[in-house]
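Trainee: Got a structure for you, written out below as structure tokens; questions coming shortly.
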């Protein structure tokens, strides 16, 4: 009886190892770039939506008079469902980013204080207007992902 039990346990382990090897081989093959033997580059996506376009966070300096007090970080993305407009956004991304940075610099200098929370709704409205003006039309919805302030004093 012990011989049979040990044989089954050994076979179960062997089957488990074989299954693991098969799964690992399948995963490795899926990562390969169509037979060239090179791994496909990893792509990190926030969402599966093809219309979402992530924009790198924008940082501005929070000041008190002329003395820097910290940083304001604003993370945004755009939802652009129309393919033609999405192509325009891709083409105009450097111009859009520059317009966002300029607008946030002005907003931070005039409206953000070190010991008060920034007005998130005002930031979203302001950046949506910048988006519409820069693109020359509506259709790209600004999505505010994060607003954070880090004080240095």
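The values are calculated or read from the model by the stated rules, or taken from the named source; none is laboratory data. All values derive from a computational prediction rather than experimental measurement. Every residue, glycine among them, receives a Cβ derived from its backbone with ideal geometry; neighbour counts consider all protein chains shown.
Yes/no matrix, rows are residues, columns are (1) modelled with pLDDT of 95 or more; (2) out of contact with any helix residue (DSSP H, G or I) (no Cβ under 6 Å at 6 or more places or on another chain); (3) outside the structural domain of residue 57 (by TED's automatic domain parsing):
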{"site": "89", "(1), (2), (3)": "yes, yes, no"}
{"site": "96", "(1), (2), (3)": "yes, no, no"}
{"site": "99", "(1), (2), (3)": "yes, no, no"}
{"site": "110", "(1), (2), (3)": "no, yes, no"}
{"site": "122", "(1), (2), (3)": "yes, yes, no"}
{"site": "133", "(1), (2), (3)": "yes, yes, no"}
{"site": "137", "(1), (2), (3)": "yes, yes, no"}
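Trainee: Hey, could you check the stretch 111-125 for residues that are outside any helix (DSSP H, G or I) and in contact (Cβ under 8 Å) with a residue 40 or more places away in the chain and say which is nearest to residue 141 (Cα to Cα)?
Mentor: It comes out as 118.
Trainee: Same structure again: Within the stretch 57-81, track down each residue that is out of contact with any strand residue (DSSP E or B) (no Cβ under 8 Å at 6 or more places or on another chain) and modelled with pLDDT under 95.
Mentor: Those that are out of contact with any strand residue (DSSP E or B) (no Cβ under 8 Å at 6 or more places or on another chain) and modelled with pLDDT under 95: 64, 65, 66, 67.
Trainee: Which members of the stretch 71-91 meet the condition of being surrounded by fewer than 16 Cβ atoms within 10 Å (Cβ to Cβ), touching a residue at least 24 places away in the same chain (Cβ under 8 Å) and not in a loop (DSSP other than H, G, I, E, B)?
Mentor: Within the stretch 71-91, 71, 73, 75, 79, 90 meet the criteria.
Trainee: Only residues that are more than 30 Å from residue 91 (Cβ to Cβ), out of contact with any strand residue (DSSP E or B) (no Cβ under 9 Å at 6 or more places or on another chain) and surrounded by 12 or more Cβ atoms within 10 Å (Cβ to Cβ): list them for the stretch 102-153, please.
Mentor: 111, 119
Trainee: Within the stretch 46-53, identify whether any single residue is at pLDDT below 95, exposed (fewer than 10 other Cβ atoms within 10 Å of the Cβ) and farther than 27 Å from residue 137 by Cα, and answer yes or no.
Mentor: No - not one qualifying residue is present in the stretch 46-53.
Trainee: Keeping to the stretch 90-101, report how many residues are out of contact with any strand residue (DSSP E or B) (no Cβ under 6 Å at 6 or more places or on another chain) and under 17 Å from residue 144 (Cβ atoms).
Mentor: Qualifying residue count, the stretch 90-101: 3.
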